[in-house]
Amino acid sequence: MDNLIWLNALVLGGVAFVAAFVLYFVSRRFYVAPDETAEKIAAELPQANCGGCGYAGCSDFASACSKADENGFANLYCPVGGAKVMSKVAKIKGFSAAKKKPSVAVLHCQGTCSQAPAKVIYDAVSSCRIANQISVGKSGCPQGCLHLGDCVKVCKFGALSFDETTQMPVVDRKKCTSCGACVKACPRGLFEIRELSAKGALLYVACRNTQKGAAARKNCLSACIGCQKCSKLNSEIKVENNLSTIPMSVDADEWGQQLAEACPTKAIVYKEKSHA
Amino acid sequence: MPKTYTFPMGGIHVNKYKNTSDISIEFAGLPEFVTIPVKQHIGAPSKIIVNKGDKVKVGTLLADFDGVVSSDVHSSVSGEIVKMEALPNANGYEETMITIKVEGDEWEPSIDRSPDVVKEINFTPEEIVQKIRESGIVGMGGAGFPTPIKTSIPEGKKAEILIINGIECEPFLTADDRLMQEYAERIIMGARVLNRALGIQNAVIAIDENKQKAIDELQRLSKLYIGVNVRVCKTKYPQGGEKQLIKAITGKEIPSGKLPIDVGCVVQNVGTTFAVYEAVLKNKPLFERIITVSGNACAHPANYRVRVGTPVSFLIEKTKTSMDDVEKVILGGPMMGTTITNINAPTTKLTSGVLLFKGAEFNKHHQTNCIRCGKCAVACPIGLRPYAIKDAFLHNGGAAELKELHALDCIECGCCAYSCPAHLPLLDYCKLSKQELRKK
């Protein structure tokens with residue numbers, strides 16, 4: 001009996017010794033030095049893993065930052081962390097950070113229940129992707145919001161909420177990190193990441209309807225009718241396909257008030273910093 | 001009892017509601033305006049060859065085919081072209097349409113309007129295909145695939161059998177049923193024209209069991225024509241699907257991603273066959289078709305001969321139905337058709353029915369979670385797993401996974417959604433998955 005215990009101890013101990021020996025040499029042979037810079041950078045990142053930067057997650061972005069040379073680094077930007085985080089990352093790397101103006105997601109539609117009343121009852125799956133395929137939606141506007149909130153579901157920062165009275169998604173400017181998830185989620189491409197002006201104001205055309213004025217107005221009172229009043233005021237604004245687009249180069253602080261007042265359907269939206 | 005044919009896998013039994021089966025076809029009349037979409041088929045939109053203000057007659061060519069997979073579009077009325085612009089279609093999305101103000105009913109002189117049945121075919125196969133192309137014929141079962149492509153056999157392949165699809169397995173619809181009852185001889189002649197074009201001698205007309213009058217009529221006439229046979233199929237949905245029908249009649253299965261011609265079969269709908277007869281032997285382009293107007297909200301269900309481009313609302317008025325009673329309008333059959341949001345949209349070459357519903361018959365059931373019962377997989381006539389497609393689509397939309405599940409082989413028959421005890425919209429997910437895969 002005693003012999004058996006000793007034999008077991010010897011065999012198992014021997015196996016353990018050999019295995020430890022093998023493991024030691026294998027780990028030495030295949031040693032990978034940890035990327036300390038990447039680890040440092042990762043510690044500074046928001047760790048939201050949203051993919052807004054275009055990489056699979058924060059650690060992927062960190063290793064990309066660590067490997068990048070000066071030119072490559074200028075193209076890397078974490079929209080969630082913004083300039084604050086990027087300057088810290090740049091300090092670790094010893095480069096200067098890419099400078100971007102603070103930005104926020106905006107919805108290019110104002111087709112609320114009152115502005116674009118429902119003409120049909122939608123009774124199928126509560127998903128914008130599916131509704132977009134079935135028909136133009138409740139309001140009848142082929143380019144307007146479908147009111148089913150695919151964008152709200154994808155927002156990881158709680159910046160989008162669904163307003164039950166207007167049936168529209170609302171962007172909380174304080175929480176929005178401009179990661180771009182909503183831009184990808186909307187089947188009609190109604191979201192855009194827009195830069196804020198120096199004073200933190202926003203100026204954009206809240207409509208994507210390309211129908212002729214009369215047809216657009218029939219469905220929605222806030223539709224852009226392509227009247228060209230805005231483009232007469234500022235020549236940078238282009239009106240194509242009955243739809244006006246305000247480029248980012250138009251300074252919101254300077255032009256906002258004037259353009260918003262000139263728009264007869266109030267499709268041009270000017271929001272100062274105080275507005276949420 | 002003669003032998004009945006059917007497909008072995010999946011399928012469901014739905015209530016038939018064929019209450020318009022004994023109502024004869026009547027002309028719906030001419031509306032004030034018709035709007036004719038330039039794209040009523042799969043493929044490239046046709047090229048408009050007329051101008052605003054032009055006077056057209058019934059049967060005048062409006063738009064020429066553009067590219068291989070495309071089709072001609074003809075005027076369905078006589079009058080003046082008043083508009084050529086994008087107008088909302090049945091789903092509300094804009095599409096290029098030609099609006100014609102109707103003035104009188106003057107036909108192109110080349111069209112043979114006599115009621116006699118022409119029994120002589122003096123054309124070569126090439127001439128027949130050319131005539132079918134010039135008449136703008138597309139598959140009228142619903143897919144809208146241009147018929148000339150189906151009738152010209154690609155090199156290296158050989159047609160062995162022509163199957164005329166007289167199976168109307170969708171509930172409510174009786175357009176094809178009435179066509180077979182009233183124009184049986186013309187359909188047989190149409191089949192012979194197609195036979196000539198394909199260079200084969202035999203045609204099989206497949207009809208499902210519940211159309212006894214059509215079966216009797218065609219069986220009586222088929223004895224007079226050598227090579228034309230009638231086969232009775234089981235009443236089962238989707239018996240009228242191309243793949244299911246070929247499996248039932250010939251026992252051959254079409255491999256994934258292949259066409260019927262790869263197994264030597266050509267399938268044509270009876271509506272298409274009738275149109276081929278009229279196009280080749282009567283010189284009449286495709287500008288009208290039979291449409292069933294039915295449903296529980298319809299005051300006077302009927303089968304109408306409708307000019308292409310007639311607004312859906314005109315047909316609803318014709319049945320003396322008030323729109324206040326109607327809660328849901330479906331174009332096509334209830335299984336595969338689509339609910340429409342714009343009743344001023346025109347009917348097209350592909351509209352087989354206008355169904356009007358109210359009350360309990362269209363109520364959507366409350367959706368619950370998938371219980372993994374597998375009923376959808378049992379019902380699927382292709383042998384797919386709709387629940388797995390739904391999961392793959394919802395969780396990551398992974399193209400590789402969807403491809404592995406053969407989502408592209410879905411025929412969109414809707415058996416899965418019909419049989420789901422949790423009332424999940426499985427068909428929607430399958431359709432979206434297909435779209436997703438085609439994008440890549």
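The values are calculated or read from the model by the stated rules, or taken from the named source; none is laboratory data. Source: prediction; values computed, not measured. Virtual Cβ from ideal backbone geometry, glycine too; neighbours counted across all protein chains shown.
Consider B:Ile42 carefully, then state whether it is within 28 Å of A:Pro142 (Cα to Cα) and surrounded by 16 or more Cβ atoms within 10 Å (Cβ to Cβ). Spell out how you get there, then give the answer.
Numbers: within 28 Å of A:Pro142 (Cα to Cα): yes; surrounded by 16 or more Cβ atoms within 10 Å (Cβ to Cβ): yes.
For B:Ile42, the condition - within 28 Å of A:Pro142 (Cα to Cα) and surrounded by 16 or more Cβ atoms within 10 Å (Cβ to Cβ) - is met.
If you go through region B:353-383 one residue at a time, how many are more than 30 Å from B:Asn296 (Cα to Cα) and under 24 Å from the mean Cα position of the chain (by Cα)? Result for region B:353-383: 2.
Quick check: anything in region A:11-34 within 22 Å of the chain's Cα centre (by Cα) and of a type in the set (D, E, K, R)? Before the answer, list the steps.
Looking only at region A:11-34, we keep the residues that are within 22 Å of the chain's Cα centre (by Cα), and these are none.
The answer is no; no qualifying residue exists.
Only a single item in (1) within 14 Å of chain B (Cβ to nearest Cβ); (2) part of a helix (DSSP H, G or I); (3) surrounded by fewer than 16 Cβ atoms within 10 Å (Cβ to Cβ) is not met by A:Gly72, and it is number (1).
Filtering region B:60-108 down to residues that are of a type in the set (Asp, Glu) and away from chain A (no Cβ under 14 Å), which residue is surrounded by the most Cβ atoms within 10 Å (Cβ to Cβ)?
First pass over region B:60-108, keeping only residues of a type in the set (Asp, Glu): B:64, B:66, B:72, B:80, B:85, B:94-95, B:103, B:105-106, B:108.
Add one more test, that the residue is away from chain A (no Cβ under 14 Å), and what stays is B:64, B:66, B:72, B:80, B:103, B:105-106, B:108.
On the way: B:Asp64: 15, B:Asp66: 16, B:Asp72: 24, B:Glu80: 14, B:Glu103: 13, B:Asp105: 12, B:Glu106: 15, B:Glu108: 17.
Top of the filtered list is B:Asp72.
The residues on offer are A:Lys175, A:Lys156, A:Lys88, and the sole one that is assigned to a loop (DSSP other than H, G, I, E, B), farther than 22 Å from B:Asn91 by Cβ, touching a helix residue (DSSP H, G or I) at 6+ places or on another chain (Cβ under 9 Å) and modelled with pLDDT under 90 is A:Lys156.
Could you list, in sequence order, the residues of region A:22-36 that are modelled with pLDDT of 85 or more and either in contact with a Lys or Arg (Cβ under 7 Å, 6 or more places away or on another chain) or in a loop (DSSP other than H, G, I, E, B) (or both)?
First pass over region A:22-36, keeping only residues modelled with pLDDT of 85 or more: A:22-31.
A:Phe30, A:Tyr31, listed by residue number.
Taking region B:315-325 as the region of interest, how many residues are within 14 Å of another protein chain (Cβ to nearest Cβ) and either surrounded by 19 or more Cβ atoms within 10 Å (Cβ to Cβ) or without any contact (Cβ under 8 Å) to a residue 12 or more places away in the chain (or both)? Spell out the reasoning first.
Kept after step one, since they are within 14 Å of another protein chain (Cβ to nearest Cβ), are these residues of region B:315-325: B:323.
From what is left, the residues that are either surrounded by 19 or more Cβ atoms within 10 Å (Cβ to Cβ) or without any contact (Cβ under 8 Å) to a residue 12 or more places away in the chain (or both) are none.
Within region B:315-325, residues that are within 14 Å of another protein chain (Cβ to nearest Cβ) and either surrounded by 19 or more Cβ atoms within 10 Å (Cβ to Cβ) or without any contact (Cβ under 8 Å) to a residue 12 or more places away in the chain (or both) number 0.
For region A:181-195, the count of residues that are in contact with a strand residue (DSSP E or B) (Cβ under 6 Å, 6 or more places away or on another chain), crowded, with 18+ Cβ neighbours inside 10 Å and in a loop (DSSP other than H, G, I, E, B) is nonzero. As a summary of the residue check, B:Met336 satisfies the conditions (1) more than 14 Å from every other protein chain (Cβ to nearest Cβ); (2) at pLDDT below 90 except for the one numbered (1). Scanning region B:46-90 for residues that are more than 20 Å from B:Arg289 (Cβ to Cβ) and part of a loop (DSSP other than H, G, I, E, B) yields B:Ile49, B:Val50, B:Asn51, B:Lys52, B:Gly53, B:Asp54, B:Asp66, B:Gly67, B:Val68, B:Val69.
Taking residues in region A:54-74 that are without any contact (Cβ under 8 Å) to a residue 12 or more places away in the chain, and partners anywhere that are assigned to a helix (DSSP H, G or I), the pairs with Cβ atoms closer than 6 Å and at least 6 places apart or on different chains are A:Tyr55/A:Phe61; A:Tyr55/A:Ala64. In the condition set (1) under 21 Å from A:Met248 (Cα atoms); (2) under 22 Å from the mean Cα position of the chain (by Cα); (3) within 14 Å of chain B (Cβ to nearest Cβ), A:Ala185 is compliant with all but (1).
Residues that are over 18 Å from B:Met140 (Cβ atoms) and of a type in the set (Gly, Ala, Ser): find the helices (runs of 4 or more DSSP H) completely inside region B:203-303 holding 1 or more of those. Even if it seems obvious, please write down each step before you answer.
Details: elements: B:212-222, B:242-250, B:270-282.
Qualifying helices (runs of 4 or more DSSP H): B:212-222, B:242-250.
Scoring A:Ser139 on the criteria (1) surrounded by fewer than 16 Cβ atoms within 10 Å (Cβ to Cβ); (2) within 15 Å of A:Ala116 (Cα to Cα); (3) among the hydroxyl-bearing types (Ser, Thr, Tyr) leaves a single failure, condition (1). Residue count for region A:144-175, restricted to those that are within 14 Å of another protein chain (Cβ to nearest Cβ) and in contact with a Cys (Cβ under 8 Å, 6 or more places away or on another chain): 5.
For region B:131-199, the helices (runs of 4 or more DSSP H) that sit wholly inside it and include 1 or more residues that are hydrophobic (A, V, I, L, M, F, W, C) and closer than 29 Å to B:Ser21 by Cβ are B:175-182, B:184-198. Every condition in (1) closer than 26 Å to B:Glu412 by Cβ; (2) away from chain A (no Cβ under 14 Å) holds for B:Ala279 except the one numbered (1).
If we scan region A:125-135, do we find a residue that is closer than 15 Å to B:Gly92 by Cβ, touching a Pro at 6+ places or on another chain (Cβ under 7 Å) and at the interface with chain B (Cβ under 9 Å from one of its Cβ atoms)? Scanning region A:125-135, I find no residue that is closer than 15 Å to B:Gly92 by Cβ, touching a Pro at 6+ places or on another chain (Cβ under 7 Å) and at the interface with chain B (Cβ under 9 Å from one of its Cβ atoms), so the answer is no.
One line per residue, one yes/no per condition, for (1) under 20 Å from A:Asn132 (Cα atoms); (2) within 11 Å of chain A (Cβ to nearest Cβ); (3) of a type in the set (Gly, Ala, Ser); (4) more than 27 Å from the chain's Cα centre (by Cα):
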residue	(1), (2), (3), (4)
B:Leu394	yes, yes, no, yes
B:Glu401	no, no, no, yes
B:Leu408	no, no, no, no
B:Tyr418	no, no, no, no
B:Ala422	no, no, yes, yes
B:Tyr429	yes, yes, no, no
B:Leu432	yes, yes, no, no
B:Glu436	yes, yes, no, no
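Of all the numbered requirements in (1) surrounded by 24 or more Cβ atoms within 10 Å (Cβ to Cβ); (2) modelled with pLDDT of 90 or more; (3) under 18 Å from the mean Cα position of the chain (by Cα), B:Pro171 misses one, and that requirement is (1).
I want to confirm something. Restricting to region A:159-172 and keeping residues that are charged (D, E, K, R) and part of a loop (DSSP other than H, G, I, E, B), which single residue is nearest to A:Arg129 (Cα to Cα)?
Of the residues in region A:159-172, the ones charged (D, E, K, R) are A:163-164, A:172.
Add one more test, that the residue is part of a loop (DSSP other than H, G, I, E, B), and what stays is A:164, A:172.
On the way: A:Glu164: 20, A:Asp172: 23 Å.
Ranking the qualifying residues of region A:159-172, first place goes to A:Glu164.
With respect to the stated conditions, A:Cys65 fails to be among the hydrophobic types (A, V, I, L, M, F, W, C) and in a loop (DSSP other than H, G, I, E, B).
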